[in-house]
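Just so you know, all these numbers are worked out from the coordinates, no wet-lab data involved. Because the structure is a prediction, the values reported are computed rather than measured. In this analysis, Cβ positions are derived from the backbone assuming ideal geometry, glycine residues included, and neighbour counts consider all displayed protein chains.
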Amino acid sequence: MEGRIKAHPILEFRRGKRVKFYFEDREIEAYEGETVAAALQANGIRVLRYTPHTNRPAGLFCAVGKCSSCLMEIDNVPNVRSCMTKVKEGMHVRRQNKRGDVL
């Protein structure tokens, strides 16, 4: 988990316990209380979904839940804002294909 900010001149980072979740069948480590998008960024995963019209890769943009760049499929639910969703032990996350397929 080398992609995280470890020290900052103003902010203090308090980490929860380590948890594991799955990104496209790959086990990922994160910290309890961290968002899915932050955990993926910290693990070097930058593409979160593919856009509906042009199928272009999209990554984290606003990080405050106002845009749709971070929409992912989380625990089989499409169109979840990964920048606002906290990581949970054992959750399954996938890149979203365009508008998201409802199972």
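For the chain, the relative contact order is 29 percent, taking Cα pairs closer than 8 Å that sit 6 or more residues apart in sequence and dividing their mean separation by the residue count. Based on DSSP H segments of at least four residues, each scored -39500 (n - 2.57), the chain has a per-residue ellipticity at 222 nm of -1500 deg cm²/dmol. Stretching the chain fully between His92 and Asp75 yields a gain of 5.6 nm (0.36 nm per residue, less the alpha carbon separation).
Which whole-angstrom value gives the distance between the alpha carbon centres of the range 63-90 and the range 15-49? If we compute the Cα centre of each part, the gap is 11 Å. For the chain, the dipole from Cβ point charges (+1 on Lys and Arg, -1 on Asp and Glu) about the Cα centre works out to 280 debye, to the nearest 20. Read through the labelled values [x] 13.9; [y] 16.9; [z] 14.7 and report the label of the one computed as Kirkwood radius over Cα pairs in Å from the structure. Structure-derived value, by its label: [x].
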